[in-house]
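Data block below; observations after.
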Amino acid sequence: MALIDTGFSETVEGIGEAAEGLSEVFVPNATRAMELAAEIHQATLATAAAEFEFSGTGWFDRVINGLNRLPRPMLALGTLGLFIHAMADPQGFAARMVGLQEVPEPLWWLLGAIVSFYFGARELHYTRNTRGRGPASGTGHTPRQRRRLRDRLGGIFRRRQRAAPETGPENPALSEWRGN
């Protein structure tokens with residue numbers, strides 16, 4: 001009897017494997033396609049990581065980083081300089097402002113876009129580069145600051161929770177986060 005059961009199960013398994021192989025001729029295996037896509041993604045990430053592994057350590061990179069840090073202080077000091085210029089030479093300041101008034105509007109839009117993209121790109125760069133490194137982990141907060149922030153926000157949520165009626169089953173993870 002055991003011999004018949006073993007032979008029967010092997011036969012059924014063989015037929016199932018043959019049917020699976022035949023079906024994959026017409027419809028691709030979705031699981032295998034996902035595995036291959038994940039492998040390609042990991043290989044792409046490894047290639048990108050290898051490309052940038054040794055970046056930012058030379059003198060040229062330090063000079064460029066220093067130049068990239070100049071626009072914000074220059075904008076701030078330039079604005080203060082405009083106020084000083086307006087007080088020191090009102091006629092010259094007025095003449096320059098009349099000249100600025102003659103600049104066409106599309107050129108102002110272009111300047112605004114350039115400045116916005118510059119500061120946006122720098123913010124994105126620093127946000128990406130601080131994520132997962134040490135205490136900052138992308139937020140700029142130390143673990144102690146994050147705990148205090150979470151406690152403050154948790155207090156807000158607790159107050160709201162008391163005011164709201166209880167709905168649905170209890171969520172243990174949410175209760176632990178709230179500190180109940």
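The values are calculated or read from the model by the stated rules, or taken from the named source; none is laboratory data. Because the structure is a prediction, the values reported are computed rather than measured. All Cβ positions, even for glycine, are placed from backbone atoms using ideal geometry, and neighbour counts span all protein chains on display. Surface accessibility is based on the protein's heavy atoms, side chains included, excluding ligands, DNA and RNA. Shrake-Rupley method; radii C 1.70, N 1.55, O 1.52, S 1.80 Å.
Please report, as a whole percent, how much of the solvent-accessible surface of the stretch 12-136 comes from carbon and sulfur atoms (probe radius 1.4 Å).
On the way: 7390 of 10600 Å².
Whole-percent figure for carbon plus sulfur exposure: 70.
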message = Spelling out what I want: for every residue of the stretch 67-76, take phi, set θ = phi - 60°, compute 6.51 cos²θ - 1.76 cosθ + 1.60 (Karplus), and round to whole Hz; glycine and proline get x.
response = 5, 5, 8, 6, x, 5, x, 5, 5, 5
query = For the stretch 121-128, in order, what is each residue's ³J(HN,Hα) by Karplus, 6.51 cos²θ - 1.76 cosθ + 1.60 with θ = phi - 60°, in whole Hz (x at glycine and Pro)?
reply = 5, 5, 4, 5, 4, 6, 5, 5
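Give the residue list of chymotrypsin sites (Phe, Trp or Tyr not before Pro) in the stretch 10-114 that are DSSP loop and have at most 10 other beta-carbon atoms within 10 angstrom. Can you show the working numbers first?
Values: sites: 26, 52, 54, 59, 60, 83, 93, 108, 109; in loops: 52, 54.
Here the chymotrypsin sites (Phe, Trp or Tyr not before Pro) that fit, given the DSSP loop and packing criteria, are 52, 54.
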remark   = With x for Gly and Pro, the residue-by-residue ³J(HN,Hα) of the stretch 38-53, computed from phi through the Karplus equation 6.51 cos²θ - 1.76 cosθ + 1.60 at θ = phi - 60° and given in whole Hz, is 5, 5, 5, 4, 5, 5, 5, 5, 5, 5, 5, 5, 5, 5, 9, 5
inquiry  = Just to verify a number: FRET efficiency for residue 121 and residue 175, C-beta to C-beta distance, R0 = 45 Å, to 0.05?
reply    = 0.60
inquiry  = Given a 1.4 Å probe and heavy atoms of the protein chains only, how would you sort 175, 116, largest accessible area at the top?
reply    = 116, 175
task = Give a quick list of trypsin sites (Lys or Arg not before Pro) in the stretch 22-96 that DSSP marks as loop, anything other than H, G, I, E or B, with at most 13 other Cβ atoms within 10 Å.
result = 69
